[in-house]
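K.L.:
Following this message is one structure expressed as structure tokens.
Since every read-out is calculated from the coordinates, none of them should be taken as a lab result. Remember, it's a predicted structure, so these values are computed and weren't measured experimentally. Glycine also receives a Cβ, built like all others from the backbone with ideal geometry; neighbour counts cover every protein chain displayed.
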Amino acid sequence: MISPRTCKGQEGFTLIEIIAVLILLGILAAVAVPKFMNLQEDAELKSVAGVKAELISRANQYYAQYLLNNTNTQNAQNLAAWAAEDVGEDFTLGRSGGQLQVTVATSGNRYLIEWTRGINRTDGTGSPALFGDITPR
């Protein structure tokens, strides 16, 4: 007589082994999933930071143009002019009080960027427009 343990095709995992694997997978999922939950939000915030960096670059360029050519950059230094800047189809700029409002086209989320008008003087001293912190709205 052949014992049930030695029959061909009767090998496999026991119920305890399967439960242990499921418990380990559950623990891994509980640890890993929260880390990936905020990836989209973080990526969106980083893209808005990229918009801010582009605006800072433009402010410096406008101010350098003012210093070199003594041209009037007053319009480029006011909030209405910054809100009208074109920053690509993925973002729109607007105003909200004394801040720039960046709206992300894909999600509709809005972020506020602190804004301070630069100082332009006829003697060539002053500063470009200054952009501060980004806050979700």
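K.L.:
Once you have the Cα-Cα distance between residue 78 and residue 16, take 0.36 nm times their residue separation minus that, and quote the gain in nm to one decimal.
P.N.:
Between residue 78 and residue 16, full extension yields 15.3 nm more.
K.L.:
Explain nothing, just the number: relative contact order of segment 25-118, from Cα pairs under 8 Å at least 6 residues apart, as a whole percent.
P.N.:
17 percent
K.L.:
Listed highest first by mean packing, meaning other Cβ atoms within 10 Å per residue, what order do 19-28, 93-102, 80-89 come in?
P.N.:
Ranked by mean Cβ neighbours within 10 Å, highest first: 93-102, 80-89, 19-28.
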